[in-house]
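Everything below concerns the one structure shown next.
The values are calculated or read from the model by the stated rules, or taken from the named source; none is laboratory data. Note that the structure is a prediction, hence the values are computed from the model and not measured. With ideal geometry, Cβ positions are generated from the backbone for all residues, glycine too; neighbour counts draw on all protein chains shown. Note: accessible area is taken over every heavy atom of the protein model, side chains too, but ligands, DNA and RNA are not part of it. Shrake-Rupley method; radii C 1.70, N 1.55, O 1.52, S 1.80 Å.
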Amino acid sequence: MSSPRQINNIALIGFMGTGKSTVGHLVAEHLNFEFLDTDEAIESRARKSIAAIFAEDGEPAFRRLEAELIAELSSRQRLVLSTGGGLGANADNIASLKQHSLVVCLWASPDTIWERVRGQNHRPLLREADPLAKIRQLLAVREPVYKQADVLLSTEVRSLKEVAQQVLHHYHDVRPRTR
Ligand code: S3P
């Protein structure tokens, strides 16, 4: 029999360019929780950029670093996690996050994502001849796993500030305010 969930944290998952970092900062500030970006944590531990990890060690090594980091966070409290786009596309990571976090997936269409990320070049997976096709392909594969989140929020129809308010609303549903 599995024990009931202890939801002490919020984990934002979803594809690149869905606003996880911006929303995460807003939510953390509002709740006075610590904000942790998994990409930044991995880069600081590895002392190199994600692009360098992909190039020098390979994507599987990066995925292992993600899974290790998630496993280490299980005892933490009052944390808002913004996760790399591939982290929440792994069912084991979602199951691990669900042990302590409300898992919220931020969503956007491939075209919107492409509009948001096209000016940036730090993401190794989008260094492709046809990045939009790559976004479509990755999103199609990842969608069933992203949908294992507790909450799915579109970032197309509301501002990121409104998305943050929605996240807070869902969090207070499972963790009512004590005062
Ligand atoms: C990735 C997303 C990136 C980063 C890495 C791989 C992915 O994070 O973890 O480039 O597989 O979708 P963001 O979602 O923060 O861009």
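Quick one: L87 ticks every box in (1) modelled with pLDDT of 95 or more; (2) open to solvent by 50 Å² or more (accessible area, probe 1.4 Å) bar one, so which box is it?
(2)
Just to be sure before I move on: is V80 open to solvent by less than 10 Å² (accessible area, probe 1.4 Å), in contact with a helix residue (DSSP H, G or I) (Cβ under 7 Å, 6 or more places away or on another chain) and over 19 Å from V145 (Cβ atoms) in the structure I sent?
yes
Within segment 130-179, track down each residue that is in contact (Cβ under 8 Å) with a residue 24 or more places away in the chain, open to solvent by 70 Å² or more (accessible area, probe 1.4 Å) and either of a type in the set (S, T, Y) or part of a strand (DSSP E or B) (or both).
L152
Mind checking which pairs have a first residue in segment 56-80 that is aliphatic (A, V, I, L, M) and more than 16 Å from the ligand (Cβ to nearest atom) and a second that is open to solvent by less than 60 Å² (accessible area, probe 1.4 Å) and in a loop (DSSP other than H, G, I, E, B), Cβ under 7 Å, 6 or more apart or different chains?
As it stands, the answer is L79/F33, since those pairs meet every condition given.
Return the only residue of G24, G84 being on the phi < 0 side of the Ramachandran plot and touching an Asp or Glu at 6+ places or on another chain (Cβ under 6 Å).
Sole residue among the options that is on the phi < 0 side of the Ramachandran plot and touching an Asp or Glu at 6+ places or on another chain (Cβ under 6 Å): G84.
Got at least one residue in segment 25-44 being under 18 Å from A149 (Cβ atoms), in contact with a helix residue (DSSP H, G or I) (Cβ under 9 Å, 6 or more places away or on another chain) and assigned to a loop (DSSP other than H, G, I, E, B)?
So far as segment 25-44 goes, no, none of its residues is under 18 Å from A149 (Cβ atoms), in contact with a helix residue (DSSP H, G or I) (Cβ under 9 Å, 6 or more places away or on another chain) and assigned to a loop (DSSP other than H, G, I, E, B).
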